[in-house]
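Peer 1: Input: one structure, supplied below.
The values are calculated or read from the model by the stated rules, or taken from the named source; none is laboratory data. If you're wondering where the values come from, they're calculated on a predicted model, not measured in any experiment. Cβ: placed from backbone, ideal geometry, glycine included. Neighbour counts: every protein chain shown.
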Amino acid sequence: MRSPISFLRAGRRGVCVLVALLGAVLAAAAGGKKIAPPEGVPTKDEFSRLVQLAPFVVRGQQLAVSIHARNSRDRRYAQEFAEDVLRVIHESGVSEKTGKGLVIIGQKGEPHPIGFFRQFLALAEAGKLDPAVAARAPDLQAAIEHWQRRSESGSGRGTARIEKDGEDGEEEGVDLEFEKIATALPLPLEGIAAQLYQLAWFEKFDAAKVETKLRALRAADLERDLFTRYDWVFYLPPRNAFDRVLDEIIADALKEEDVGFVGRVAVKGALLVVKPKIRKAIEGMRHGLMFDCVVRARSGLDDDIVSELTGAYLEQFIPGEHKNDAPEHERAVRAVREEWQKLKGKAGEDV
C-alpha cells in the first residue's frame with residue numbers, strides 16, 4: 001500500500017507543528033493605583049473573550065478542547081477538525097487523555113506565522129536584535145526545520161505530488177513545492193515560536209509594527225510564558241487557505257506553459273481534475289499534523305513511534321486507496337489501533 005505521504009511524497013514521517021497566542025493580566029496595586037501592563041503585553045480579557053471551551057463525549061468519557069476563533073464559522077470548523085483528530089487518538093487507545101489543548105484558527109487574510117518567524121531570523125542574522133534575544137534564533141530555526149521535515153516530501157526534494165491516470169494510462173501529476181503550500185499548513189507553537197506568534201497577533205500582524213517590537217525586545221520579555229495552562233497549542237490556518245494557494249499554483253503553471261490557447265485550456269483542465277484530490281490530501285496532512293502534535297505532547301512516545309502512528313492515520317486520507325467503504329473515522333481508528341498494537345508487539349509492550 002502506498003503511504004499517504006508517498007501519495008503526497010510526504011513520507012510516513014508525518015507531521016507535527018504547534019501554534020499559539022494568548023493573553024495575561026499584568027496589573028498590581030502600588031500606592032492604591034494599578035500599574036499598566038508593559039507595552040506589547042496582552043491583557044487576559046483581550047485573549048480570553050475569544051476562547052471557548054468545546055466539550056464532547058467519546059465512549060462515555062467527556063473530553064474538551066479550547067478554541068480561539070474570531071467568528072462562528074471558523075469556530076465550528078476548528079471544533080469539528082479538533083474533535084475528529086482527538087476522537088481517533090482516544091478511541092485507538094494511543095492516549096485516552098488528550099490533555100488540555102488550545103486550537104487557534106487563523107482569520108481569513110491574516111499572514112501565516114511562518115512569515116514572522118522568518119522575519120525574526122532575518123533580523124537576528126543581520127545583527128538587528130538584542131544579542132540575548134538573537135541567541136534564541138537557533139531554537140526557532142530547529143522548530144521550523146522539524147515542522148518542514150514532517151510536512152514535506154519523504155523524497156527530500158521538498159515537493160509533494162498529486163497524481164491521476166492520464167488518457168494514455170500513464171500517471172499525470174502536479175508537483176507541490178513545500179514553500180508554495182506552507183501557508184496552508186498548521187503548525188505547533190511552543191517556546192520562542194509561541195511568544196513570537198503572540199507578539200505578531202497583538203500587533204495585528206502588521207509586519208512593520210512587528211519589526212519595531214522585535215528590535216525593542218529584551219530577553220526578559222521572552223520569560224513570559226502565556227501558554228502554561230495548556231498541554232499543547234495548535235495553529236490552524238483558515239479552512240479555505242489551501243484553495244487560495246492552489247489557485248496560485250494553477251496560475252503559475254499556466255504562465256510557465258509556452259503553448260497556445262488550446263494547450264493552456266488542456267493544462268488548466270488537467271489541474272482542475274486533480275484539484276479535489278489535492279484538497280483532500282492536504283486536508284489529511286493538516287489533520288495529521290494535529291494528530292502528531294497531540295500524540296507527542298500526551299503519549300510520551302519516542303519520535304519514530306509517533307511518526308509510524310501518524311503515517312497509519314494519514315493513509316486514510318488517500319483517495320482511492322481503500323478496499324472498503326467504511327467511514328473515514330472508522331478506518332482511521334482501526335488503522336491507528338492496529339499500528340499501535342503492532343508497535344507494542346515489536347517492543348515487547350515496553351512502549
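Peer 1: Under 7 Å between Cβ atoms, which residue pairs at least 6 apart in sequence (or on different chains) link something in segment 288-301 that is β-branched (Val, Ile, Thr) with a partner that is not in a helix (DSSP H, G or I)?
Peer 2: Qualifying pairs under 7 Å: 294/98; 294/101; 294/232; 295/94; 295/95; 295/301.
Peer 1: Given the structure, is residue 81 touching a His at 6+ places or on another chain (Cβ under 8 Å) and either modelled with pLDDT of 90 or more or small (Gly, Ala, Ser) (or both)? Before the answer, list the steps.
Peer 2: Details: touching a His at 6+ places or on another chain (Cβ under 8 Å): yes; either modelled with pLDDT of 90 or more or small (Gly, Ala, Ser) (or both): yes.
Criteria met by residue 81.
Peer 1: Here is a list of conditions, (1) among the β-branched types (Val, Ile, Thr); (2) modelled with pLDDT of 70 or more; (3) outside any helix (DSSP H, G or I), and residue 162 meets all of them except one; can you say which number that is?
Peer 2: Going through the list (1) among the β-branched types (Val, Ile, Thr); (2) modelled with pLDDT of 70 or more; (3) outside any helix (DSSP H, G or I), residue 162 breaks only (2).
Peer 1: Just to verify a result, which residue in segment 216-243, among those that are more than 17 Å from the chain's Cα centre (by Cα) and assigned to a helix (DSSP H, G or I), is modelled with the lowest pLDDT?
Peer 2: By that ranking, first place goes to 223.
Peer 1: For segment 287-315, what are the residues that are surrounded by fewer than 24 Cβ atoms within 10 Å (Cβ to Cβ) and among the charged types (D, E, K, R)?
Peer 2: Within segment 287-315, 296, 298, 302, 303, 304, 308 qualify.
Peer 1: Further question on the same structure: Condition first: out of contact with any strand residue (DSSP E or B) (no Cβ under 6 Å at 6 or more places or on another chain), modelled with pLDDT of 50 or more and of a type outside the set (D, E, K, R). Can you find one or more residues in segment 29-38 that meet it? Talk me through it step by step, then tell me what you get.
Peer 2: In the first step, residues of segment 29-38 are kept if they are out of contact with any strand residue (DSSP E or B) (no Cβ under 6 Å at 6 or more places or on another chain); the result is 29-38.
With the extra rule that they be modelled with pLDDT of 50 or more, the set shrinks to none.
So far as segment 29-38 goes, no, none of its residues is out of contact with any strand residue (DSSP E or B) (no Cβ under 6 Å at 6 or more places or on another chain), modelled with pLDDT of 50 or more and of a type outside the set (D, E, K, R).
Peer 1: Here's another thing I want to ask about it. Tell me, which residue of segment 202-215 that is outside any loop (DSSP other than H, G, I, E, B) and in contact (Cβ under 8 Å) with a residue 24 or more places away in the chain is farthest from the chain's Cα centre (by Cα)? Spell out how you get there, then give the answer.
Peer 2: Initial filter on segment 202-215 (outside any loop (DSSP other than H, G, I, E, B)): 202, 207-215.
Checking which are in contact (Cβ under 8 Å) with a residue 24 or more places away in the chain leaves us with 202, 207, 210-211, 213-215.
Details: 202: 20, 207: 21, 210: 22, 211: 24, 213: 25, 214: 24, 215: 27 Å.
Once the filter is applied, the top-ranked residue is 215.
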